[in-house]
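> Let me give you the structure first, and then I'll get to my questions.
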Amino acid sequence: MAEKLVIVSDMWGAKKGLWITSYLGYLQQYFDITFYDSQQLANLDILIQTEENVHNAFIEGGTDTAVSHLLKKETEPCYYLAFSTGATIVWEAAKKGLPVKSLYGVSPTRIRKMNDRPNIPFHLVYGANDEFRPSEEWGDKLGVEMEVMPGYGHTLYTDEKIIKKVCMDLLQEVTQIAPQVKKKVV
């Protein structure tokens with residue numbers, strides 16, 4: 001039976017998320033996948049979808065609403081792959097008891113404002129050119145390691161090379177692929 005993987009979108013949800021199909025293409029044969037659109041989780045209905053409007057809607061209560069909804073929807077431990085705002089939602093939900101086997105978060109910049117971390121296994125990836133990624137000082141203070149990809153910005157998760165890397169990392173973590181042992185013929 002395949003492991004369950006919950007994927008949570010960035011702040012744009014499915015509206016600007018054609019890149020998400022690449023993740024699904026790689027992962028759907030290995031996982032039982034549930035996808036959440038962050039805007040739908042947050043009950044956002046924004047008439048004019050500018051970056052500022054969407055971002056403010058999450059800051060002004062949308063993230064908290066999304067956390068509450070995710071806590072109600074997901075009650076069994078599973079794996080999470082989440083992007084930007086979506087990863088912040090999972091991060092916060094995990095601190096409130098969301099059962100998480102592991103979180104693979106790409107570009108969750110808002111967590112830099114948090115003074116605590118969830119007690120779950122997680123892997124965080126950021127672009128080196130993302131001006132809002134958490135500082136090394138923040139990471140040291142909370143005991144959080146971050147993988148930083150040179151040459152990428154905030155939306156690195158939409159790049160095909162990063163998509164392949166993330167999918168391979170996830171598959172390796174979940175399947176724990178052991179190296180083939182060659183038998184010696186005597």
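The values are calculated or read from the model by the stated rules, or taken from the named source; none is laboratory data. Only a predicted model underlies this, so the values are computations on that prediction, with no experimental measurement involved. Ideal geometry is used to build each Cβ from the backbone, glycine not excepted, and the neighbour counts take in all protein chains shown. Surface accessibility is based on the protein's heavy atoms, side chains included, excluding ligands, DNA and RNA. Shrake-Rupley method; radii C 1.70, N 1.55, O 1.52, S 1.80 Å.
> Condition first: closer than 20 Å to Gly62 by Cα, not in a loop (DSSP other than H, G, I, E, B) and not charged (D, E, K, R). Now tell me which residues in the range 101-123 satisfy that.
Hits for the range 101-123 are Gly105, Val106, Thr109, Ile111.
> For Thr158, which of the numbered conditions (1) in contact with a helix residue (DSSP H, G or I) (Cβ under 8 Å, 6 or more places away or on another chain); (2) under 18 Å from Gly17 (Cβ atoms) fails to hold?
Result: Thr158 passes all but (1).
> When you go through Phe35, Phe31 one by one, which is the residue that is open to solvent by 70 Å² or more (accessible area, probe 1.4 Å) and not β-branched (Val, Ile, Thr)?
Phe35
> Given Leu170, Leu98, Leu81, Leu156, which one is touching a residue at least 40 places away in the same chain (Cβ under 8 Å) and closer than 20 Å to Thr63 by Cα?
Answer to the selection: Leu81.
> Counting just the residues of the range 152-186 that are open to solvent by less than 100 Å² (accessible area, probe 1.4 Å) and part of a loop (DSSP other than H, G, I, E, B), which one comes out modelled with the lowest pLDDT?
It comes out as Ala178.
> Same structure, new question: Can you tell me how many residues within the range 124-144 are at pLDDT 95 or above, open to solvent by 40 Å² or more (accessible area, probe 1.4 Å) and not in a helix (DSSP H, G or I)?
Qualifying residue count, the range 124-144: 5.
> Looking at (1) outside any helix (DSSP H, G or I); (2) within 21 Å of Tyr157 (Cβ to Cβ), which one does Gly97 not meet, given that it meets all the others?
If we test Gly97 against (1) outside any helix (DSSP H, G or I); (2) within 21 Å of Tyr157 (Cβ to Cβ), just (2) comes out false.
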